[in-house]
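Okay, structure first, notes after.
The values are calculated or read from the model by the stated rules, or taken from the named source; none is laboratory data. Values in this document were obtained by computation on a predicted structure and should not be read as measured data. Every residue, glycine among them, receives a Cβ derived from its backbone with ideal geometry; neighbour counts consider all protein chains shown. Heavy atoms of the whole protein, side chains included, go into the accessibility calculation; ligands, DNA and RNA do not. Shrake-Rupley method; radii C 1.70, N 1.55, O 1.52, S 1.80 Å.
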Amino acid sequence: MYEGIRLACQEDAAAILDVYRPFITDTAISFEYAVPSLTEFSARIRSIVSEYPYLVYEKKGRIEGYAYAHRYLERAAYQWDVEVTIYLSDAVRGTGVAARLYNALEQLLQQQGIINLYACITASNEASIKFHARAGYRLVGTFHHAGFKSGAWQDVVWMEKTIGCYCDNPQPPQSFGGQDPEKVAALLKKFNEEE
């Protein structure tokens with residue numbers, strides 16, 4: 001039975017959605033009001049994996065967490081930027097899985113040529129803000145009353161991390177699908193051996 005970090009696949013959509021669901025229904029962490037259908041959620045995964053890494057953490061045959069990156073904004077000048085997202089089940093929160101998922105994600109993004117990582121976090125989610133700070137992100141701003149969830153107006157904070165070098169003539173990032181599968185497999189193996 002597999003245990004560790006691996007690339008997500010379409011067959012994982014229902015299990016990933018199970019991890020995500022309580023963040024929609026029970027918290028203000030996700031600003032979605034309704035749990036997406038499995039069809040819609042599968043389409044989201046499919047659109048991300050064509051360009052960026054989407055990782056899951058599996059333990060005892062069950063997906064307990066996931067992390068991915070997606071395009072930050074659409075204009076060409078933003079192509080070196082991504083927004084990152086991570087969600088964990090209660091079963092693995094506080095065990096170091098989040099740091100391992102993010103480290104693997106960052107290294108895969110570096111291989112693509114991504115430079116800037118951005119995280120948008122509900123301001124009341126102090127655990128996530130502290131986690132991102134420990135991971136090297138710095139607070140860059142607060143959007144006040146950005147969304148109405150859980151019966152109140154919620155602020156969001158933006159945090160950023162640089163994982164590449166700024167040069168005067170940057171090469172466009174490569175799509176994740178264009179990455180060498182052996183390099184990707186070797187990187188994920190390294191993170192799984194560190195467990």
### Query
Within segment 68-75, can one find any residue that is open to solvent by 20 Å² or more (accessible area, probe 1.4 Å), assigned to a loop (DSSP other than H, G, I, E, B) and touching a helix residue (DSSP H, G or I) at 6+ places or on another chain (Cβ under 6 Å)?
yes
#### Entry: Hits in segment 1-26 (condition: assigned to a helix (DSSP H, G or I) and without any contact (Cβ under 8 Å) to a residue 40 or more places away in the chain)
Gln10, Glu11, Ala13, Ala14, Leu17, Arg21, Pro22, Ile24, Thr25
### Summary
In the set Thr122, Thr85, the lone residue that is over 22 Å from Phe191 (Cα atoms) and in contact with a strand residue (DSSP E or B) (Cβ under 8 Å, 6 or more places away or on another chain) is Thr122
### Message
Could you tell me how many of the residues in segment 80-96 are modelled with pLDDT under 95, at negative phi and of a type outside the set (D, E, K, R)?
### Response
3
### Residue match in segment 40-51 (condition: assigned to a loop (DSSP other than H, G, I, E, B), open to solvent by 50 Å² or more (accessible area, probe 1.4 Å) and touching a residue at least 24 places away in the same chain (Cβ under 8 Å))
yes
### Message
Can you say whether Ile29 is in contact with a Ser or Thr (Cβ under 6 Å, 6 or more places away or on another chain) and either part of a helix (DSSP H, G or I) or open to solvent by 20 Å² or more (accessible area, probe 1.4 Å) (or both), as far as the supplied structure shows?
### Response
yes
### Task
Please give the number of the condition Ile163 fails out of (1) in contact with an Asp or Glu (Cβ under 6 Å, 6 or more places away or on another chain); (2) on the phi > 0 side of the Ramachandran plot.
(2)
